[in-house]
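*Asks:* There's a structure below that I have some questions on.
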Amino acid sequence: MISEDLRADMEQRQIDVDLSLALLERIRAGAADADPPAQARGIPGVDGSRVVDTTTTPDFTADAVSISERLDGLGLSAAAMGLEIPRTGTCVLSKEQLHVIGMHLVPKTAYGVLNGGSATSYADTTKNEGFSAELYALYTDLLGTVGEQVRGTAKGLTPALFGRDGTPGPSFLELKMRHLLLLLAECSRSHGVRIPADHVPMFQMTSVHNNEEVQRAYDAYRTSPLLADLIERTGVDITRVRTGVQPMICAFTHSNDGTPRQVFDHAYGEPGRTLPLPGGHGQSFSVLKSTYQDMHAAGFRFAYIGNVDNLGYTMDPVSLAYFALSGRPAAFEFAYKTPVDVKGGILIEDTHRGLTCGDIGPAVSRSYVEQAEQAGTPILFNCATGLFDLEWLTRNLSRIEHELPLRVSDQDKDAGRYSQAEQVTWEVIGMIDNPLIFAVDKYRRFLAAKLLSESFMTNAVYLDHPEFPSDPDPSRDLKGTAEKLHTGLKGLLTDVYRLPDRD
């Protein structure tokens, strides 16, 4: 199908040739057209069953017998946890009781990060200027100095925290490791839960381009001031992380170049040059397949998965307990949409698949969203956080791997006009019968940093500067948004990461 010279170029660029050609065959066979993008026939609201509001004080109500049976199935004893469950009738578990159950489930739950990308787009000057020209003008010098330091580095290894003057702090991955160690320490100290000596609670997807860099950083993290004492206290070397390495695939020809599509072989105008690309985070179900199976075999019951650059993505004992008691196959977090959430996926009722995640634009028009908002309909915005029952997931991995929709999109960038094939992680929602949706507080659970400017905003960098952009219109008020993001961050630093107030 390809020449030896082209194969050699692909291999030199660390492209998985066999996988790329298999995807090309699927595309040619119509796989990318077989499952059309989601189309909204409605926007679901909070109903306490399919969609549960966690921004208020959640409780779990069910038949007492079923709760007792579920706890038994999880290997938990209500009496040992100090909980009183009636023998019959309806039982209501409070937030405090759910927290106790969740803390006993923490050691049975693996925590995963999608850590496959680099910080190149994150620090891209054009993208940051496009976000806000006024903010870019304020941050120009910092974007230059910090951008130079992080560009090309694995995103999870870049600073997650900054002082108000822009001084960089610990990385996203250091903070995530710290939060896990703190939870495990609390499990042992306050709840008497035994942590196995060989416990490996964290897993990740890296890429062929950054896996070695990430592993070197983990070796250094063992002596990190944020981690070293907790590693000693818990006996858990948190820097031992189960890893699946995402391969690169090649770009394919643009739709304007006709069919059948071919391998794109003139990147940057150079004949015979291919272009390595990631296959989307949805490829994680394939890349992490053996990891999920190994964790299930090792006794883990549940697995979180989320993006490394979301500071709000942490293991939440209350939600974990609620999910475990529900018996559902998977749960996903969606935050109440704010005026600045204009690009991404929202929770919709699909015409074919029930609840799923649909992108604003392709799946549901912006005018439809605006009309729903004006009518007072709460809209839930995708936080890219999932929680899976590992027994269900391991049984369904092969199906997900082969049936998760394959999306092909045309691109027009510096490398040329080509197409990119991707699988989107959160389209898995539409493949699951009866998924559980948690409606969460954006400023508590979804502090994502897709651009360096956004990270500066969340950390209140230069927030007191007189030229920090503000506007009476909430949809354009970056100062008001930054204040809310920073308030959320301060709460996380105090309650979850347990770090001193940086103000």
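Rule-based calculations on the coordinates, nothing more; no lab input. Source: prediction; values computed, not measured. Neighbour counts run over all protein chains shown; Cβ positions are idealised from the backbone, glycine included.
*Asks:* Please give the residues of region 330-360, grouped as numeric ranges, whose backbone N is less than 18 Å from a label point set 7 Å along the Cα-to-Cβ vector of Arg41.
*Replies:* The answer is 347-359.
*Asks:* Residues in region 200-221, backbone N under 12 Å from the label point at Thr120 (7 Å along the Cα-to-beta-carbon vector): list them, ranges by number please.
*Replies:* Backbone N within reach: 209-210.
*Asks:* Hey, which of these cross-link pairs are over 25 Å Cα-Cα: Lys450/Lys484; Lys176/Lys413; Lys289/Lys450; Lys337/Lys490; Lys155/Lys176; Lys95/Lys289?
*Replies:* Lys176/Lys413; Lys289/Lys450; Lys95/Lys289
*Asks:* Show me the trypsin sites (Lys or Arg not before Pro) within region 340-434 that DSSP assigns to loop and that have at most 15 other Cβ atoms within 10 Å of their Cβ.
*Replies:* Lys343
*Asks:* Sort out for me the Cα centre separation of region 289-355 from region 438-496, rounded to whole Å.
*Replies:* 23
*Asks:* Next up: Which value, in debye to the nearest 20, describes the size of the charge dipole of region 286-381 about its Cα centre when Lys and Arg Cβ atoms bear +1, Asp and Glu Cβ atoms bear -1, and nothing else is charged?
*Replies:* Numbers: 7 positive and 10 negative charges, 49 e Å.
Charge dipole, region 286-381, about its Cα centre: 240 debye, nearest 20.
*Asks:* What number in nm² do you get for the chain if you take the convex hull of its Cα atoms and divide its surface by four?
*Replies:* The Cα convex hull of the chain, projected and averaged over all directions, gives 24.3 nm².
*Asks:* With label points built 7 Å along Cα→Cβ from the Cα atoms of Ser475 and Ser68, find their separation and express it in nm.
*Replies:* Inter-label distance under the simple model: 5.5 nm.
*Asks:* Could you give each residue of region 447-454 its phi-based ³J(HN,Hα) in whole Hz, using Karplus coefficients 6.51, -1.76, 1.60 with θ = phi - 60°, and x for Gly or Pro?
*Replies:* Result, rounded to whole Hz: 9, 8, 10, 7, 10, 4, 4, 5.
*Asks:* A further question on this structure: What residue among Met315, Gly491, Met103 has its Cα farthest toward the positive end of the dipole of the chain, where the charges are +1 on Lys, Arg and -1 on Asp, Glu, each on the Cβ?
*Replies:* Of the listed residues, the answer is Met103.
*Asks:* When the convex hull of the C-alpha atoms of region 203-255 is computed, what volume per residue in Å³ does it have?
*Replies:* Hull volume over Cα atoms, normalised by residue count, gives 95 Å³.
*Asks:* Across all directions of projection, what mean area in square nanometres is found for the Cα convex hull of region 1-125?
*Replies:* Value for region 1-125: 15.5 nm².
*Asks:* A further question on this structure: For region 437-497, with equal point scatterers placed on the C-alpha atoms only and solvent neglected, what are the log10 I(q)/I(0) values from the Debye formula at q = 0.12, 0.20 1/Å, to two decimals?
*Replies:* With one equal scatterer per Cα and no solvent, log10 I(q)/I(0) is -0.30, -0.79.
*Asks:* Which whole-number percent is the relative contact order of region 132-275 (Cα, under 8 Å, 6+ apart)?
*Replies:* 18
*Asks:* Which residue, Val245, Ala415, Gly344, has the largest displacement toward the positive end of the dipole of the chain when charges sit on each Cβ (Lys, Arg +1; Asp, Glu -1)?
*Replies:* About the Cα centre, the residue reaching furthest to the positive side is Val245.
*Asks:* If you don't mind, another one. Compute the distance in nm between two label points, each set 7 Å from the Cα along the Cα-to-Cβ direction, one at Lys95 and one at Arg395.
*Replies:* Modelled inter-label distance: 3.4 nm.
*Asks:* Kirkwood Rh, region 345-503, all Cα pairs: how many Å? The partial results should precede the final answer.
*Replies:* On the way: mean 1/r = 0.0528 Å⁻¹.
About 19.0 Å, per the Kirkwood formula over Cα pairs.
*Asks:* Antiparallel DSSP bridges in the chain: what percent, to the nearest 5?
*Replies:* Numbers: 40 of 66 bridges.
Bridges in the chain that DSSP calls antiparallel: roughly 60 percent.
*Asks:* Given the alpha-carbon gyration tensor of region 217-338, what are the semi-axes of its equivalent ellipsoid in whole angstrom, ordered largest first, with each equal to the square root of 5 times an eigenvalue?
*Replies:* 38, 22, 16
*Asks:* Size of region 134-235 along its principal axes in angstrom, Cα-based, largest extent first?
*Replies:* For region 134-235, the Cα extents along the three principal axes come out at 53, 33, 21 Å.
*Asks:* Determine the calculated [θ] at 222 nm for the chain from helices alone, applying -39500 (n - 2.57) to every DSSP H run no shorter than 4 residues and normalising by the residue count; nearest 500 deg cm²/dmol.
*Replies:* On the way: 18 runs with 184 residues, N = 503.
Dividing the helical sum by the residues of the chain leaves -11000 deg cm²/dmol.
*Asks:* Now for a separate question. First select every other residue whose beta carbon is under 12 angstrom from the beta carbon of Thr140; then total the charges, Lys and Arg +1, Asp and Glu -1.
*Replies:* The answer is -4.
*Asks:* Could you check the spin-label model distance between Arg366 and Ser409? Points 7 Å from the Cα along Cα→Cβ, value in nm.
*Replies:* Going by the 7 Å Cα→Cβ label model, 1.5 nm.
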